[in-house]
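Below: the structure, in structure tokens.
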Amino acid sequence: MKKETFSELSDIFLRVINRYNEIEKTPYSYGTDILLHPSETHTIEFIGNNPDINVTRLAELLGITKGAVSKRIKQLRKNDLVTKSISPETENEVVINLTVKGSEIYKAHAKFSKQLNKSIANLYKYLPDEVIMDLERIGTETEQIFLDISNERKKR
């Protein structure tokens, strides 16, 4: 690959990352009166996908600490988006579920995600399977490079 081509691809990739990061930092209301940060919306998404979920499992799914989950749940409860209750399975476990308002946001976010995925899928639908497989491999290997850098920086 020519140096200029790699440089152009690298620039495009960086711009895509920056656009994604911009979206991930921008609060959105999903048609309600509550502005939610994407991290809160993703938490609602995981709770909606996993009714009666506990804090430990939610932390695992989100890839964050239980303390961070507890903080998010506190904020979401404050906005009447989730409930905490004793598990129907065992008395010493607390489970989290969506309220009616939380379910509205869950559904609106699902609709947004479906449309976004459809738009992106349309970009790839005419590519040969071999190219798709190459893109998947490159994406996975690029992710590993970033994970290695992240882990190395955490050591310092």
Every pair of residues 6+ apart whose Cβ atoms lie under 9 Å, when the first sits in the range 52-63 and is in the same structural domain as V82 (by TED's automatic domain parsing) while the second is of a type in the set (K, R) and crowded, with 18+ Cβ neighbours inside 10 Å = L58/R72; L62/R72
State yes or no: is I44 under 15 Å from the mean Cα position of the chain (by Cα), outside the structural domain of T142 (by TED's automatic domain parsing), modelled with pLDDT of 95 or more and β-branched (V, I, T)?
-> yes
Neighbours by Cβ (under 9 Å, 6+ apart or cross-chain): first from the range 4-15, under 16 Å from L135 (Cα atoms) and at pLDDT 90 or above; second part of a helix (DSSP H, G or I) and β-branched (V, I, T) = F13/T142
Within the range 39-63, restricting to residues that are in contact with a Leu (Cβ under 9 Å, 6 or more places away or on another chain) and part of a loop (DSSP other than H, G, I, E, B), the one that is farthest from T90 (Cα to Cα) is N50
List the pairs whose first member sits in the range 135-150 and is aliphatic (A, V, I, L, M), whose second member is part of a helix (DSSP H, G or I), and whose Cβ atoms are under 7 Å apart, counting only residues at least 6 apart or on separate chains?
-> none
Restricting the range 71-90 to residues that are part of a strand (DSSP E or B) and in contact (Cβ under 8 Å) with a residue 12 or more places away in the chain, the residue that is nearest to Y106 (Cα to Cα) | V82
Give me a count of the residues in the range 24-38 that are loosely packed, with under 11 Cβ neighbours inside 10 Å and assigned to a helix (DSSP H, G or I).
-> 1
With the condition kept exactly as written, say whether any residue in the range 147-154 is of a type in the set (A, V, I, L, M, F, W, C) and in contact with a Lys or Arg (Cβ under 7 Å, 6 or more places away or on another chain).
-> no
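The values are calculated or read from the model by the stated rules, or taken from the named source; none is laboratory data. Since the model is a prediction, treat every value here as computed from it, not as a measurement. Please note: Cβ atoms are built from the backbone with ideal geometry, for glycine as well, and neighbour counts cover all protein chains shown.
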